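Shown next, in structure tokens, is the structure this report addresses.
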Amino acid sequence: MTEETKVDPEEEHPTREKWANNMEFILSMAGEIIGLGNVWRFPYLCYKNGGGVFLIPYCVFLFFCGIPLFFLETALGQYTSEGGVTAWRKICPMFEGVGIASQVIVIYLNIYYIIVLAWAIFYLINSFKSPLPWSTCDNWWNTEFCYSHTDSFASPELSLPDANLSLLNITSSNSLPYYNGINGTILMSDSAEEEFWNHRVLRMSSDMHLGKVHWDLALCLLFAWVICYFCIWKGIKTTGKVVYFTATFPYVMLIILFFRGVTLPGAAEGLKFYLSPDFSRLADPDVWRDAGTQVFFSYAVCQGVLTALGSYNKYNNNCYRDCLALCCLNSVTSIFAGFVVFSVLGFMAHNLGVPVNEVTVSGPGLAFIAYPRALSLLPGSSFWAVLFFFMILLLGLDSQFVCVESLATALTDLFPNRLRRPGAREKLVLLIAVVCFLLGLTFVTEGGIYFFQLVDYFGPSGISLLLIACAETIVVSWIYGADRFYDNIEDMIGYRPLPMLKYCWLFVTPLICVLTVIYTLTKGTPIILQNHVAGTGVVIMAVSLIATPLLCIPAFIFISLCRNRSNMTRPSKDLRQISPHNPVLTLCNLVIRTSQGRPTRRMDKTDENAMVEERNMI
């Protein structure tokens, strides 16, 4: 009987798996946190919010929110060896709802994030054609208003913002009924690339009705789910091996695209535009909000994913060192991706004779309109297009299947007697894949893009993540006890982390989160609702997306109150405590909360031998 299927004599279900080595954990974490946001969101935000100056608010949020939360969730998973729900139940039963809330966010991501992969697969397939189908205007989906980049070369004045387009019968540069919020600034109305995106890929309806399912996108979505399923169906045995490719190969392609980009004419102007500092932007609260939002999205906090991945670590893994290294890698990748993106956009602006800001976009608009247009200008455009969309596919794929892994881990830990049995894992992941695929078909209909935008904006939204983050830090630092958690970490890694993390958990992180939520709420109606001319149904959907995860927290407090009022905040006796009688929270040598004085599991001889064995394996 293998180690993975070995049965604990005191349990009825197989024991929990562990990563085969630390590199599998590192690559899985890197695959989750380094994704599409690094390529299509960070560079745009950097340009939009003062160039290099944006790194100041970004680093503030990184050091005082991102890293503390990233380490907290990872260390919690490693300490409890539980997924995103049961880990919170073990340290504080009353706040099991915090874990449930994070899993609701993961469910949102599992359903809609993979749609981007379906688009990437669709573009990847079309990248093998020559000429690239989005570079010409002689396709069946093109309108009479379409013009390609060759038209721009023949009449460059048509590309200017104040161009006279009367000869083309174009009355408005925003004639298409499409919300620009997720795309940033649309490159140019009715360009061949935009018509391919709007009329061939999305084929959106003029209203918000779903309409028919686009069968070709549905097949791409199905293919994305098949890939995702077989990446994780056997648990971390397969996940840990797949990430060796999916987490590293995008860097190879980024490096190739970087060297190609910086050698193009006009690249220097693009890079200058990307990094030129504007210190006056530091006074704008929106800049700071954008920095905070980027950190929360990019570092995958408050989704239960970090806790799930950390739970497969050996008890004595140095997760503190790993977390610091991963955070540095993530931020460096974001900055480097900006060089890749803006060098090519600078080249495109140079070729078209327009300012760089006229070709600068964010979100899917960068990946599916602006960058494809730039690639079509290069010699051997099909080769570069294949390279780019394969990179997009891999960047999104590992983030997707790790999210599915997180949900599967949480459910397995909730029902271990049933779901850790042989064959149960494969069936569970298959069920998740099938249900999410069927729900995802909504987003590949004629009106699917509208619903995609709503879920993207309000599902894993800033407000939800910020309030969950606030709850997490309060539970760990004030209720469970920051000092007790530091004792647990010291027991795992052999030393105590920097004291700054403790005070971030106690004060700084929750304060920043609350202030950011207040500012967001005072901004008025979100632009996405304004652009949709939102009816009652849309507003209800938006409110429901935000409220559903957040309501889980008070709901489970009430459930805990009804179940066992005397044991609402006591951690599980299964948790190992090296100093069970020490104060759980001190500030400036003052005891704020003393030990709860109950017997806890202490380290016995078996534990000591296991620790020695684990340290020898590291």
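List of remarks:
- Within the chain, longest stretch clear of exposed chymotrypsin sites (Phe, Trp or Tyr not before Pro) (DSSP loop, no more than 11 other Cβ within 10 Å): 141-494
- Computed from Cα atoms, the angle from the helix 249-262 axis to the main principal axis of the chain rounds to 40 degrees.
- Unit Cα scatterers, Debye sum, the range 187-251: log10 I(q)/I(0) for q = 0.23, 0.27 Å⁻¹: -0.95, -1.11
- Fewest neighbouring Cβ atoms within 10 Å first, the residues 204, 391, 29 line up as 204, 391, 29.
- For a straight C-alpha distance cut-off of 20 angstrom, the lysines reachable from residue 237 (same-chain residues fewer than eight places away being disregarded) are 6, 18, 314, 427.
- Database remark: amide H of residue 592 closer than 5 angstrom to the amide H of 585, 586, 587 (H placed geometrically; neighbours at sequence offset of 5 or more, or on other chains; Pro and chain starts carry no H).
- Exposure proxy ranking, count of Cβ atoms within 10 Å, fewest first, for 280, 579: 280, 579
- Average Cα contact separation per residue, the chain, under 8 Å, 6 or more apart, as relative contact order %: 29 percent
- Dipole-positive endmost among 548, 116, 504 within the chain (Cβ charges, Cα centre): 504
- Helix axis angle, 236-246 relative to the chain longest principal axis, alpha carbon, degrees: 30 degrees
- Share of Cα-Cα pairs in the range 408-497 lying beyond 21 Å, as whole percent: 65 percent
- Helix 448-458 axis, angle to the chain major axis (alpha carbon atoms, nearest 10°): 40 degrees
- Per-residue Cβ neighbour counts within 10 Å put 570, 484, 418 in the sequence 418, 570, 484, beginning with the fewest.
- At R0 = 25 Å, FRET efficiency that the Cβ-Cβ distance of residue 421 and residue 223 yields, to 0.05: 0.25
- With the simple model of a label 7 Å out from the Cα in the direction of the Cβ, residue 435 to residue 252 spans 3.7 nm.
- Phi angles of the range 501-518 translate, via the Karplus equation with coefficients 6.51, -1.76, 1.60 and θ = phi - 60°, into HN-Hα couplings of 4, 4, 6, 5, 4, 6, 10, 5, 4, x, 5, 4, 4, 5, 4, 5, 4, 4 Hz per residue; Gly and Pro are given as x.
- Note on residue 565/residue 544: beta-carbon distance plugged into 1/(1 + (r/R0)^6) with R0 of 25 Å gives a FRET efficiency of 0.25.
- Spatial extent of the chain: Rg and Dmax, with the Cα atoms as the point set, Å: 25.2, 86
- Couplings 3J(HN,Hα) of the range 121-136, computed from phi: 5, 4, 5, 4, 4, 6, 6, 7, 8, 9, x, 4, x, 8, 9, 10 Hz, in residue order, whole Hz [Karplus 6.51 cos²θ - 1.76 cosθ + 1.60, θ = phi - 60°; x for Gly and Pro].
Read-outs: derived from the displayed coordinates by stated rules, not from any lab. Note that the structure is predicted; figures quoted are calculated from it, not measured. Counting neighbours? That spans all protein chains shown, and the Cβs are built from the backbone with ideal geometry, glycine included.
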